[in-house]
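Written below as structure tokens is the structure these notes are about.
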Amino acid sequence: MVRNFGNSALSLRRLALVLQLPLAPVLALCLAVSLPATAARAPQDDTPPGAKLLARIPVAPLGYQAPGALYLLSGFAFNSLDFIDSDHLLFTFHEARLLRRERDATASDDDQMIHADVLALPDGHVQAGADWRMHDHARYLWALSGGRFLVRQRDAYWTTDASLKLQALIRSPTPILTTEVSPDGRLMLIEDVYERHTPEEHKKLSLEDDDNPPAEDAIIAMLDVATKDIQAEFHVQEPMALPVTSSGYLEGEEKRAGDYVITYHPFHGEPLPLGSVASECDPRATFISTTAVMIASCGPNTPDLYLDAWTIDGKKLWQGRRDGTLALPNVVPALDGSRFAIALLHLSHSATTPESITDADVESQQVQVFDTRSGALLLATDASPILAAGQNFALSADGTRLAVLRNGAIDVYEIPSTPLEQKKKK
């Protein structure tokens with residue numbers, strides 16, 4: 001069986017999925033030894049210590065309206081913020097308006113209009129604008145390399161750049177479940193539905209239970225964005241998280257109770273064990289650059305999480321610890337791999353699972369920037385409105401600038417240098 005993805009084809013090989021890293025109840029990121037208590041506990045109304053404010057762009061004149069508190073934990077994507085280059089931002093946001101029903105509408109559509117603006121720094125001058133109709137409230141935009149972006153409309157992908165013109169990329173023949181992009185913006189992961197039933201079986205099962213559609217499998221495919229070549233593909237029985245970079249993916253296997261071995265699988269070459277992690281919960285892996293991965297694990301008798309960062313060739317970079325009152329991390333690596341930014345919800349108390357968090361538990365949303373090689377904290381501030389789905393902050397490709405949506409404006413900061421970088425400049 002062959003699925004057609006635009007000009008590329010996917011051969012459906014029925015492979016057993018070796019990855020055992022599900023969407024675990026992992027919360028928070030905070031290197032406790034690095035983050036000042038004031039930065040971790042209270043929103044900041046001024047420029048973060050050591051940072052330089054480069055621009056402040058009010059967003060109300062652009063037509064932006066913050067979503068209501070009802071949507072705090074909804075996971076809906078109402079806006080995005082990204083650097084095109086060091087001097088231009090792409091800001092997209094939900095625009096409330098009446099929409100005409102389209103001829104190709106489906107029963108599952110929940111349309112919204114997204115407005116996109118290209119903003120020049122430092123004055124915020126709008127250099128280009130566009131309106132995109134989306135058919136759901138899931139994430140719709142990802143940064144690619146070279147100032148380009150991946151845009152998803154229902155089950156089709158497009159690319160765009162500073163012109164905001166959409167260029168068709170690929171279309172999935174079945175509903176898309178998950179989309180990811182590698183830290184360098186060169187590889188995309190698509191997880192979509194794999195129909196396990198014949199059309200006749202599907203129709204029969206649907207008639208038997210109108211409220212619950214038949215359960216289906218999923219396909220995880222990793223594609224080179226430029227060529228659309230398939231790097232790897234897995235047939236899975238249920239959706240799951242797959243940490244991926246442009247050269248391979250991770251496998252986590254529990255060898256014995258509470259002891260996990262993390263293995264890197266390059267697309268070309270032999271698997272390489274990175275190390276072992278002792279954990280009370282399923283560890284969660286996140287690529288913080290194309291060659292570095294951060295593993296979060298649970299220790300006994302503490303709500304905090306432990307962190308281990310390794311390179312994909314097995315070199316240990318650093319260790320850290322996460323504050324258990326910081327939850328639902330959204331990680332954005334710089335495209336050059338030098339730094340990574342993370343947004344976290346600051347809670348009034350520790351939570352055991354994401355599902356246990358309520359609106360009343362959330363006090364603020366913190367944004368932190370770390371040096372990838374050392375794990376050192378370089379900048380900490382807050383974001384508002386609070387958006388659990390993230391995309392209210394952005395890191396420039398070279399890791400030197402941070403943009404944050406806060407207090408009715410987009411603030412752009414120059415990120416402080418590490419001591420080593422300062423020494424090199426001298």
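The values are calculated or read from the model by the stated rules, or taken from the named source; none is laboratory data. Every value quoted in this text rests on a predicted model; they were computed, and no experiment measured them. Using ideal geometry, Cβ is built from the backbone for each residue, glycine included, and neighbour counts are taken over all protein chains shown. Note: accessible area is taken over every heavy atom of the protein model, side chains too, but ligands, DNA and RNA are not part of it. Shrake-Rupley method; radii C 1.70, N 1.55, O 1.52, S 1.80 Å.
Do the sum for the chain: with -39,500 (n - 2.57) for every DSSP H run of n ≥ 4, divided by all residues, what is the mean residue ellipticity at 222 nm, to the nearest 500 deg cm²/dmol?
Only helices count here, giving -1500 deg cm²/dmol.
What is the dipole size for the chain, taken about its Cα centre, with +1 at each Lys and Arg Cβ and -1 at each Asp and Glu Cβ, in debye to the nearest 20?
Dipole about the Cα centre, nearest 20: 1280 debye.
Roll a 1.4 Å probe over the protein chains and send me the accessible area per residue for the chain in Å². Intermediate values should be presented prior to the final figure.
Details: 19590 Å² over 426 residues.
Counting only protein heavy atoms, the per-residue value for the chain is 46 Å².
Simple spin-label model, 7 Å along Cα-to-Cβ: Asp85 to Asp398 in nm?
About 1.1 nm separates the two model spin labels.
Let me know the Kirkwood hydrodynamic radius for the range 118-168, please, with Cα pairs as the basis and the value in Å to one decimal. Mind showing how you got there, number by number?
Numbers: mean 1/r = 0.0836 Å⁻¹.
After inverting the mean inverse Cα-Cα distance, the result is 12.0 Å.
When only Cα pairs under 8 Å and 6 or more residues apart are kept, what is the percent relative contact order across the chain?
Details: 1032 pairs, mean separation 84.7, N = 426.
The value is 20 percent.
Counting only protein heavy atoms and using a 1.4 Å probe, what share of the accessible area of the range 290-426 belongs to carbon plus sulfur, as a whole percent? Walk me through the intermediate numbers first.
Values: 2590 of 5020 Å².
Percent of accessible area from carbon and sulfur atoms in the range 290-426: 52.
Hey, what did the range 139-270 get for relative contact order, percent, Cα under 8 Å, at least 6 apart?
15 percent
Report the FRET efficiency, 1/(1 + (r/R0)^6), for Gln153 and Glu414, where r is their Cβ-Cβ distance and R0 is 30 Å, rounded to 0.05.
Working: r = 35 Å, r/R0 = 1.17.
Efficiency at R0 = 30 Å is approximately 0.30.
Determine the share of the range 97-249's accessible area contributed by carbon and sulfur atoms, expressed in whole percent, with a 1.4 angstrom probe.
48 percent
If you bin every alpha carbon distance in the chain into 10 Å steps from zero, what whole percent lands in each bin?
4, 21, 32, 28, 13, 2, 0, 0
Sorting check: for 61-67, 279-285, 392-398, which peptide has the highest mean count of neighbouring beta carbons within 10 Å, and how do the rest follow?
392-398, 279-285, 61-67
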